[in-house]
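Student: Have a look at this one before I ask anything.
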Amino acid sequence: MSKTSDVIVTLPADVNMIDETGYVWTFLHESTEPDRVFPGALIVAGDPVEPFVARVVDIVDGPRGTSVVHLDVLGVPEDAIDELRHARLLPS
Amino acid sequence: MAGDLIPIEDCLRPGEVLDPDAHLVMRGWPVDVAGILRNADLTRSRYSLAEEPFVAISAEVTIAGWEVDSILTGARLRSRRTYAIALVGELLAAGFDLIPTFEIPHYSLILPSYTEATAACLVEVFGEVKPNPYFRRREP
């Protein structure tokens with residue numbers, strides 16, 4: 001895995017934080033690359049210390065003109081990388 | 001004023017009573033001052049309590065059949081290398097409050113103030129983070 005200082009998280013989020021949907025939520029404006037965040041997108045979220053892989057479920061209106069992103073937690077990046085290597089979609 | 005924030009009162013689960021000496025409060029990483037303040041800031045930007053911004057963080061509680069293991073093996077906390085845990089009574093004694101919100105076993109842990117000192121106190125109550133034995137990945 002990359003050094004923590006090298007990790008770029010597409011959408012900062014706290015995996016503990018859920019709302020009435022049962023999904024993790026955060027604000028879209030937390031992302032420095034909001035164009036990468038759209039319903040169905042597979043992204044790296046969390047923080048550089050402990051990122052996680054998530055599927056963007058939806059983006060809904062939040063208070064004061066904000067947008068709230070719901071995330072389905074799929075796992076940790078290491079597992080995704082291992083699986084892609086196993087499938088020979090990434091070099092070993 | 002809370003403006004168009006969502007009243008957290010609309011998101012409460014009724015009828016749950018915590019045992020301060022038995023029930024445990026758990027939280028996956030981040031369990032540091034910066035992470036706690038970040039979570040609390042997001043929460044107060046979306047929810048209100050008594051028509052004021054709701055300063056709280058998310059946690060899970062061992063209640064109604066939920067145990068440490070079943071919480072740690074859930075989809076969200078299984079992604080955490082580390083977690084922290086404290087007795088409900090320890091948190092209450094330190095001035096924090098807990099209310100049942102959203103899906104069981106989620107609780108909102110209320111911070112008496114949005115300050116680094118309050119977050120540092122919470123970190124101290126939680127104590128040292130522990131390795132999550134259920135954080136696993138396949139060997140390369």
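Each value in this text was obtained by applying a stated rule to the coordinates, not by laboratory testing. Only a predicted model underlies this, so the values are computations on that prediction, with no experimental measurement involved. Neighbour counts run over all protein chains shown; Cβ positions are idealised from the backbone, glycine included.
Student: Once R0 is set to 22 Å, what does the formula 1/(1 + (r/R0)^6) return for the Cβ-Cβ distance between B:D19 and B:A94, expressed as a FRET efficiency to the nearest 0.05?
Tutor: For B:D19 and B:A94, the calculated efficiency is 0.80.
Student: For a label point 7 Å from the Cα of A:V60 along Cα→C-beta, name the residues of segment A:11-45 whose backbone N is under 12 Å from it.
Tutor: Under cut-off, by backbone N: A:19-26.
Student: Quick check on the protein assembly as shown: take the gyration tensor over C-alpha atoms, sort the square-rooted eigenvalues as a ≥ b ≥ c, and tell me if it's rounded (a/c under 1.5), prolate or oblate.
Tutor: Cα axes put the protein assembly as shown in the oblate bin.
Student: What is the Cα centroid distance between segment A:1-59 and segment B:9-41, reported in whole angstrom?
Tutor: A separation of 21 Å, based on Cα centres.
Student: By counting other Cβ atoms within 10 Å of each Cβ, how are A:L71, B:L12 ranked from fewest to most?
Tutor: Starting with the residue having the fewest Cβ neighbours, the order is B:L12, A:L71.
Student: Would you calculate the separation in nanometres between label points at B:A34 and A:T21, each defined as 7 Å from the Cα along the Cα-to-beta-carbon direction?
Tutor: 2.7 nm
Student: Further question: Can you sort B:I63, B:I36 by how many other beta carbons sit within 10 Å, fewest first?
Tutor: Sorted ascending by nearby Cβ count, the order is B:I63, B:I36.
Student: Additional query: Name the residue, out of A:D19, A:D58, A:D72, whose mean-square fluctuation peaks in a Gaussian network model built on chain A with Cα pairs under 10 Å.
Tutor: In this elastic network of chain A, the residue with the biggest mean-square fluctuation among A:D19, A:D58, A:D72 is A:D19.
Student: Quick one: dipole size for segment A:4-86, taken about the Cα centre, charges +1 on Lys/Arg Cβ and -1 on Asp/Glu Cβ, in debye to the nearest 20.
Tutor: In debye, rounded to 20, segment A:4-86 gives about 200.
Student: By how many degrees, between 0 and 90 and to the nearest 10, does the Cα long axis of helix B:116-126 differ from the longest principal axis of chain B?
Tutor: It is inclined by approximately 40 degrees.
Student: Compute the acute angle (0 to 90°) between the alpha-carbon long axis of helix A:77-86 and the principal axis of greatest extent of the alpha-carbon atoms of chain A; round to the nearest 10°.
Tutor: The helix A:77-86 is inclined about 40 degrees to chain A.
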